[in-house]
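Participant: Have a look at this one before I ask anything.
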């Protein structure tokens, strides 16, 4: 099912992590399988939603895509290049093209540094020029005033902090962004704001996005295709329309049924 | 019929600071009724729950108002009598099941100690009651769970234990402070059903603190919407979901995502709505200073 123009193509991906609780005093810890036989394609400019309960492996899948974790089986191709087992040096130029936005903006922004310096970091690290101009541009994109450069993270609201996280991720003009539960810590009002900013950026900048969330309502808003994970396996992988209109797997239906809609007359409650 | 819990004109301030954190909050709850306290972070919803249970942080003073619990004026009582009354009639279901349980003790004493301390039950009676309760919250193997440590249980199990422990002394009032926020949706549904069932069976009056309007629509009969420590709207659930009265409540509802309606664009709460409601808070403060 290879798409004509896929940025990521992943086949038979297997990820296992060491079980440190069972590690003997000497020697290696036994490996626990986390992801089993994951196949997926992410088309250029499309948005993939990854959903599942806690412990389903959604964050692990995201981290494997960015090669923060090395898979134990299968392959990951990014823009045609096999990155499954690339070493740190060969990954570096690719890292610029893939960025991440984190769940908790308070702990992912250094509290002792100003917003300007925080956004400039990845730009400096990858050796670009016109740093100030790039920082300003990134702030413009997420709809924050340029004067925020001199502020500290604690002076911002939760929604504004998360927009700084987005600005830092797009500052390098990446092709791919991984957003891992980026609105789960926010109030509904700022949640809507952050989702709108992200949705617009995907269109404006032609970004490819993987959006991890436990909240199917949020996924529906933003994503073209959705992968539902259950205990490290794909429960369902379909377009957002199909998945929400005619969910095929029992697990997806269970997830959908469990969402409390703001409606006192919802069925099955 | 007079309300089981009635809070009127409750204001609170941080010690040494003129700013109020609760602004003339009033509401009442009848026996067997569930009231939702809804608002965004910092709205003061948990603060109200804590004020009712007498567990406000030490730096926060109640400056005026009245809390009547089963006809007793809590704020006029001696602290010792107040604690005894609250301990015997009310209970809390906390948000985070991992921090609310002592990690170094088994489950059994964490449920039964309170029964001994407050109600003077013997160990054996308390143990029997604890087993019954764990069974009531659909825990299959109460024996094993009682002997477990918190880290050996899943999040959903831990929350069940806390619910059992809250309902242990047959409280007439339960304050549930975001009890399902840390749980997966499927587990959340089970836990909400469980709370609803226990609440109905024991005709408990309940204050349900949450930021999630979806959850409110499932468990509450009435709700109060809070902003800046002030109640901006009191409604029945049916009224509210048919069309909230206050602009801020309407904005909150519009910002809540619904997977059934993907085309409805999510509206962030508009600046003008925030200005309006913040203006109302300021106006309330001005009136309050004049009155004082």
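Participant: Against the condition at negative phi and crowded, with 20+ Cβ neighbours inside 10 Å, how does residue A:100 come out, does it pass?
Facilitator: Details: at negative phi: yes; crowded, with 20+ Cβ neighbours inside 10 Å: yes.
Taking the combined requirement at face value, the residue satisfies it.
Participant: Additional query: If you go through the range B:90-129, how many residues are under 26 Å from the mean Cα position of the chain (by Cα), exposed (fewer than 15 other Cβ atoms within 10 Å of the Cβ), free of Cβ contacts under 8 Å to residues at least 24 places away in the same chain and more than 23 Å from residue B:202 (Cα to Cα)?
Facilitator: Number satisfying all stated conditions: 1.
Participant: More than 30 Å from residue B:119 (Cα to Cα) and either under 17 Å from the mean Cα position of the chain (by Cα) or more than 8 Å from every other protein chain (Cβ to nearest Cβ) (or both): is that true of residue B:185 in this structure?
Facilitator: no
Participant: When you look at residue B:248, is it in contact with a helix residue (DSSP H, G or I) (Cβ under 9 Å, 6 or more places away or on another chain), under 29 Å from residue A:219 (Cβ atoms), part of a helix (DSSP H, G or I) and within 13 Å of another protein chain (Cβ to nearest Cβ), yes or no? Reasoning before the result, please.
Facilitator: On the way: in contact with a helix residue (DSSP H, G or I) (Cβ under 9 Å, 6 or more places away or on another chain): yes; under 29 Å from residue A:219 (Cβ atoms): yes; part of a helix (DSSP H, G or I): yes; within 13 Å of another protein chain (Cβ to nearest Cβ): yes.
Yes, satisfied.
Participant: Further, regarding this structure: State whether one or more residues within the range A:62-73 are surrounded by fewer than 22 Cβ atoms within 10 Å (Cβ to Cβ), touching a strand residue (DSSP E or B) at 6+ places or on another chain (Cβ under 6 Å), in contact (Cβ under 8 Å) with a residue 60 or more places away in the chain and more than 20 Å from residue A:165 (Cβ to Cβ).
Facilitator: yes
Participant: Here is a follow-up. Looking only at the range B:193-222, which residues are part of a helix (DSSP H, G or I), over 18 Å from residue B:180 (Cα atoms) and either under 13 Å from the mean Cα position of the chain (by Cα) or in contact (Cβ under 8 Å) with a residue 40 or more places away in the chain (or both)?
Facilitator: First, pick out the residues of the range B:193-222 that are part of a helix (DSSP H, G or I): B:193-201, B:213-219.
When the remaining residues are screened for being over 18 Å from residue B:180 (Cα atoms), the result is B:200-201.
The answer is B:200, and nothing else.
Participant: Could you please let me know if residue B:237 is more than 21 Å from residue A:186 (Cβ to Cβ), surrounded by 17 or more Cβ atoms within 10 Å (Cβ to Cβ), in contact (Cβ under 8 Å) with a residue 40 or more places away in the chain and facing another protein chain (nearest Cβ under 9 Å)?
Facilitator: Details: more than 21 Å from residue A:186 (Cβ to Cβ): yes; surrounded by 17 or more Cβ atoms within 10 Å (Cβ to Cβ): yes; in contact (Cβ under 8 Å) with a residue 40 or more places away in the chain: yes; facing another protein chain (nearest Cβ under 9 Å): yes.
So residue B:237 passes the test.
Participant: Mind listing whichever residues of the range A:191-214 are closer than 23 Å to residue B:260 by Cβ, in contact with a helix residue (DSSP H, G or I) (Cβ under 8 Å, 6 or more places away or on another chain) and within 11 Å of chain B (Cβ to nearest Cβ)?
Facilitator: Matches in the range A:191-214: A:191, A:192, A:193, A:194, A:195, A:199, A:213, A:214.
Participant: Here is a further query. Do we have residue A:188 as without any contact (Cβ under 8 Å) to a residue 12 or more places away in the chain, surrounded by 20 or more Cβ atoms within 10 Å (Cβ to Cβ) and under 17 Å from residue B:185 (Cβ atoms) here? Step through it out loud before you land on a result.
Facilitator: Numbers: without any contact (Cβ under 8 Å) to a residue 12 or more places away in the chain: yes; surrounded by 20 or more Cβ atoms within 10 Å (Cβ to Cβ): yes; under 17 Å from residue B:185 (Cβ atoms): yes.
Considered against the rule, which asks whether it is without any contact (Cβ under 8 Å) to a residue 12 or more places away in the chain, surrounded by 20 or more Cβ atoms within 10 Å (Cβ to Cβ) and under 17 Å from residue B:185 (Cβ atoms), residue A:188 comes out as yes.
Participant: Continuing with the same structure: Output the residue which, of all residues in the range A:221-269 that are part of a loop (DSSP other than H, G, I, E, B) and at the interface with another protein chain (Cβ under 8 Å from one of its Cβ atoms), is modelled with the lowest pLDDT.
Facilitator: Residue satisfying both the conditions and the ranking: A:269.
The values are calculated or read from the model by the stated rules, or taken from the named source; none is laboratory data. The model shown is predicted, which means the values in this text are computed figures rather than measured ones. Every residue, glycine as well, gets a Cβ built from its backbone with ideal geometry; the counts of neighbours run over all protein chains shown.
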